[in-house]
Amino acid sequence: MREVCVIGVGMNKWGELWGKSIRDIFVESALLAIKDAGVDKIDSMYVGCMTSGLFVGQEHLASLLADYLGKVPIPSTRVESACASGGLAVRCGFIEVASGMSDVVLVGGVEKMTDVSGDGATYALATAADQEYEVFHGATFPGLYALMAKRHMHEFGTTRDMLSAVAVKNHDNGSKNPLAQFQSKTTLEGVAKAVMVADPLTLMDCSPITDGAACAILASVDKAKEISKNPLVKILGVGNATDRIALHSRKSLTTLNATVEASKRAYEMAGKSPKDIDFAEVHDCFTIAEIMVTEDLGFFEKGKGGHAALEGKTALDGEKPINTSGGLKSKGHPVGATGVGQIAEVVKQLRGEAGERQLKNPKVGLTQNMGGSGGSAVVHILEVM
Ligand code: COA
């Protein structure tokens, strides 16, 4: 297997982009990534998108976007794994370059979610849960994560303040990210007193509905050395795993097993352990998700993720900074794009280009992207060469 680098990243400003179409935002990000990489030729592309059919009525997306980017007739493939579609696109591009089939591959993700009503968005998102056993009975994603939060509170004594601390920290980080949907700060009280969505999760515990895209250019190390002027960021480890979608089929409501399994694979491939990871972008679709994921990645003992957040261990100046970009909570969550947006943040941090939120000399970063209530997960480990 050949070694693979990320040689360019690009992301548009995320938010409610009513003046732009899905193709506009994808192409904007793709051109930024192509410019950042300094490449003029790409061999193929992968696009992560959860459900452009339901959000904007457009399928056959991979060809449409290759066309609008001016790249036909290159091979272009759309991949879908709910909210982990972007992470999966990166994995597919990695495999293609590592196999020697292509030298330079564009991997991207996109979702245009605000062209439908709130109800329409909730319906479209819920198609990633188990229709027969969950959705037909009224469950939504805020509802499913609320069940996990209640159980985590019951088993480990996780508190309202611990959930709130995740949102406060991510809004703080997002206030330093000019591309984030929300650049406003909040407080523990502000999160707790926001309107209730699904007890115990308030509006401020939830990621928002977002339009956005992100792209990255992957290349073999040899090709990267030839063309790239940027510090090279190598993908050391890739892990992908699945779990039962319906919550009632799982052994535990407080462990996201696809994340545990995906991270095991990524750590093993990279030859790293949780303590070697300097910082991470994780899938905080709800505050409880960040708490559970930081435990399931092995950063904190089970039941201690909430304590870590409240004690500032996951802040920019903490021992394990989490979601320096603002995370899904503040940067936004255009579902198909999120996994690639995480890669963009890790690459920026490793290259020392993260501006006001830059960490001191990080060497190894991790991304964790998951689908729906955790039925799929993709983990990447990256190191600056
Ligand atoms: N965090 C902070 N503020 C938010 C927000 C969020 N998640 N969602 C909306 N807002 C703000 C809006 O900017 C708006 O502010 P304004 O009045 O100052 O303009 C206000 O709250 C109302 O926004 P609106 O779009 O009417 O909210 P809504 O009630 O339709 O939707 C949620 C709120 C939480 C239900 C929606 O964001 C949601 O469903 N989130 C979860 C998404 C999800 O499940 N993703 C998949 C995860 S697996």
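Values quoted throughout were computed directly from the atomic coordinates according to the rules given, and no laboratory measurement underlies them. Everything quoted here is computed from the prediction, not taken from an experiment. Glycine also receives a Cβ, built like all others from the backbone with ideal geometry; neighbour counts cover every protein chain displayed.
Could you please let me know if Ile245 is of a type in the set (Val, Ile, Thr) and under 17 Å from Val104 (Cα atoms)? Before you say what the answer is, go through the steps one by one.
Details: of a type in the set (Val, Ile, Thr): yes; under 17 Å from Val104 (Cα atoms): no.
It is false that Ile245 is of a type in the set (Val, Ile, Thr) and under 17 Å from Val104 (Cα atoms).
What are the residues in region 101-145 that are crowded, with 16+ Cβ neighbours inside 10 Å, away from the ligand (no atom under 12 Å from the Cβ) and under 12 Å from Ile245 (Cβ atoms), if any?
Listed by number, the residues that qualify are Asp130, Glu134, Val135.
Scan region 345-374 and report the pairs whose first residue is β-branched (Val, Ile, Thr) and whose second residue is in a loop (DSSP other than H, G, I, E, B), with Cβ atoms within less than 6 Å and a gap of 6+ or a chain change.
Cβ pairs passing all conditions: Val364/Ile277; Val364/Asp278.
Just need a number here: residues in region 241-296 that are out of contact with any Leu (no Cβ under 6 Å at 6 or more places or on another chain), hydroxyl-bearing (Ser, Thr, Tyr), part of a helix (DSSP H, G or I) and surrounded by 19 or more Cβ atoms within 10 Å (Cβ to Cβ).
Residues in region 241-296 being out of contact with any Leu (no Cβ under 6 Å at 6 or more places or on another chain), hydroxyl-bearing (Ser, Thr, Tyr), part of a helix (DSSP H, G or I) and surrounded by 19 or more Cβ atoms within 10 Å (Cβ to Cβ): 3 in total.
Given the conditions (1) assigned to a helix (DSSP H, G or I); (2) within 19 Å of the chain's Cα centre (by Cα), and given that Tyr123 satisfies all but one, which numbered condition is not satisfied?
If we test Tyr123 against (1) assigned to a helix (DSSP H, G or I); (2) within 19 Å of the chain's Cα centre (by Cα), just (2) comes out false.
Looking at this structure, is Lys41 of a type in the set (Lys, Arg) and either closer than 25 Å to Leu382 by Cα or within 16 Å of the ligand (Cβ to nearest atom) (or both)? Even if it seems obvious, please write down each step before you answer.
Values: of a type in the set (Lys, Arg): yes; either closer than 25 Å to Leu382 by Cα or within 16 Å of the ligand (Cβ to nearest atom) (or both): yes.
Taking the combined requirement at face value, the residue satisfies it.
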